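What follows is a single structure, written as structure tokens, with notes after it.
The values are calculated or read from the model by the stated rules, or taken from the named source; none is laboratory data. It should be emphasised that the depicted structure is a prediction, and the values quoted were computed from it without experimental measurement. Cβ coordinates were reconstructed from backbone atoms using ideal geometry, including for glycine residues, and neighbour counts include every protein chain displayed. Surface accessibility is based on the protein's heavy atoms, side chains included, excluding ligands, DNA and RNA. Shrake-Rupley method; radii C 1.70, N 1.55, O 1.52, S 1.80 Å.
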Amino acid sequence: MTARIAAVITCRDLGRTLLEALTSIERQSRPAAEIVIVDDGSSQIYTRQILAQLTAQGVCVVQAGGRGASAARNLGARLTSAEIIVWLDADDILEPTYFEKAGAALDADPGLDFVSCAIRAFGEAAYIWTPASPTLADVLSNGAWPHASTMMRRRLWEAVGGFDETLPLFELLDFWTAALAQGFRGVVLEEALLKYRIRARSRYHHMIQPSTYVSRLAHFYAKHRTAIAPHGLAIIVGKEAFFLSQRDYHETLEARAKALEAELAQLQSEIADVARQLESQGAPRVGRAELAGVQPISRQWGRDRGTAIDRHYIERFLQGHRADIRGHVLEVRQPMYVDRFGGNAVTARDVIDVDPTNPCATVVADLRHAAAIPSATYDCIILTQTLHEIDDMAAVLAECARMLRPGGVLLATVPSVSKVGNESGLDGDFWRLTEASARKLFAGAFPVDHFDVKAHGNVRACAAFLYGMSAEEISADELDYADSAFPLLIAIRAVKPNAPAPVRTVASGFSRTSSAAILCYHRVAALTPDSHALCTPPDEFRAHMACLARDFHPIGLEELVRAAASGRIPERA
């Protein structure tokens, strides 16, 4: 008798791929008797809309409450009754014959408990991986545990007690270690019947980070010590063989990368030669024909052709305000600009990211509510091309204002025109700003006289940027022309107000809360050596004066005395 199959799709914010996963189950040559979609607390609106549409169409969609993959899988299993269960992550795809071929193996051998298969990776990587038939030693030495969509008899899931819902990661390793230790038996089909999507910031990427990996494995070995101990020698030998194979593979990849880098350098040199020849003949690097279609010439913002046009404006903005990049500086994701423009004026730097797997991050926090960062920590925050990828921009700016020290500066840029971001994707790229919306937004976090907003770009720059042309492929005049009706990018410099000054006496017999700061310079000169650090270099002095002229009210000492006597000292004097 052919056993019935239950299919359980687990989904968390994967609405963009959910329908493809569901279709792959509905098109199986051996139909599923039951199909359940378990939503593990999706927050993305698009995903919630897709789930609502499926529910309206009669598809069984249930809520797991965001308690993790293990709880979602267990709930799906409990809500079905078929003798055979298959789980599918909502970003993966099953080949049409998977149920037929894996189910036939179980039907043919009543003593067989599970059937897995090779996987075909797609998305951000492409390869085929065929694990050996799993034994406990193999699973622990080379990570060859059966994948999440392995077909199994319900009795196996019940005997193991389901997936451990206390484990946010490594739940499959935990499950299959328990199953193999209890003597359950399975086979692996050599055909790649599961298409496994590789994507950045997946659960797997979090799992293999060194700190997470070591701590979770320590917990795992403590939990399964009794079952693992008899296989200790085989596991050590297997790990050594696995590490050697990985070393050889790594060396192969390094050699390939070196060869590709050399090829790339040669191609770039040839491109530069051709570009010079075109320029000498007055011909443009990009012809009209290349801009006639509906597809861009580059989907990478032109970075594969040279300098991205938005980066040209960002770097010019930061260059103009490099005097602000000083003291303790915070940047997002990587210290690219603080290292480039900060120089010796930077005394300390932090990199913030919500992703704990980012090796550059010194602070793991959400910019919407970064409570772990004390107030008045930073002299400068660099926030380039970030705000539009966060759903609550006002909360981010409020946190930035809180984290800045009095007199500290926020240097921010946001797109007015751009393709949707690769990393953030269709459901994580939220906003495009104009001058007006930027002013409205920043006025909620900074006094109106403490921030400047400037638009960069023009219709030519916008069109070139959307088509994927680089800054090198249009003229300097075309880049520099500013047309506020066609902004490509908005740049904002915001300053946190200084704290109210204490009452001071600035003239005999007169006191008031309004006050002035008096600047003293010993000498303006560039001397080497400057043993007592008494000299202010001319360039630094010039930057100071520009800052005073822009952000303060400079007055002379005699004028200050008169203003104090009359009780009318100008603000920020």
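Data table
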item	result
Heavy-atom accessible area per residue - the stretch 58-203, 1.4 Å, Å²	38 Å²
Most positive-pole-ward Cα, Leu112, Ala192, Phe163, against dipole of the stretch 93-244 from beta carbon charges	Phe163
Against the rule of thumb 2.2 N^0.38 Å, how large the Cα Rg of the stretch 63-213 comes out	1.00
Of all DSSP beta bridges in the chain, antiparallel share, percent nearest 5	35 percent
Globularity ratio of the chain, using Cα Rg and 2.2 N^0.38 Å	1.25
Relative contact order [Cα under 8 Å, 6+ residues apart], the stretch 2-81, whole percent	36 percent
Radius 11 Å from Cβ of Ala348, net charge of other residues (Lys, Arg +1; Asp, Glu -1)	0
Ellipticity estimate at 222 nm from DSSP helix runs (n ≥ 4, -39,500 (n - 2.57)) divided over the chain, nearest 500	-11500 deg cm²/dmol
Heavy atoms of Ile35: accessible area, 1.4 Å probe, square angstrom to 10	50 Å²
Counted charge near Asp477, where neighbours are those whose Cβ lies closer than 15 Å (Asp, Glu -1; Lys, Arg +1)	-4
Crossing angle, helix 393-403 versus the chain [Cα axis fit, 0-90 degrees, rounded to tens]	60 degrees
Accessible area in square angstrom per residue, the stretch 265-357, 1.4 angstrom probe	58 Å²
Pair Glu423, Thr528: separation of 7 Å Cα→Cβ label points (nm)	3.8 nm
Total formal charge among the other residues, if their Cβ is under 12 angstrom from that of Thr55, Lys/Arg +1 and Asp/Glu -1	0
Nearest-10 value in Å² for the accessible area of Tyr213, using the 1.4 Å probe	90 Å²
Distance in nm between pseudo-label sites at Asp107 and Thr55 (7 Å out along the Cβ direction from Cα)	3.6 nm
In the stretch 1-100, the trypsin sites (Lys or Arg not before Pro) that fall in loop regions by DSSP, at most 13 other Cβ within 10 Å	Arg27
Point-charge dipole on Cβ atoms (K/R +1, D/E -1) for the stretch 243-345, about Cα centre, debye to 20	360 debye
Helix axis angle, 98-108 relative to the chain longest principal axis, alpha carbon, degrees	30 degrees
Angle in degrees between helix 15-26 and the longest Cα principal axis of the chain, rounded to the nearest 10	10 degrees
Carbon + sulfur, % of accessible area of the chain - ligands and nucleic acids excluded, 1.4 Å	56 percent
Accessible area, probe 1.4 Å, largest first, for residues Trp157, Trp129	Trp129, Trp157
Distance cut-off 17 Å, percentage of C-alpha pairs in the stretch 218-332 lying past it	79 percent
Reachable lysines, given that their alpha-carbon falls under 30 Å from the alpha-carbon of Lys239 and they are not under 8 places away in the same chain	Lys195, Lys223, Lys258
Lys, Arg +1 and Asp, Glu -1 on Cβ, resulting dipole of the chain about Cα centre, debye, nearest 20	1240 debye
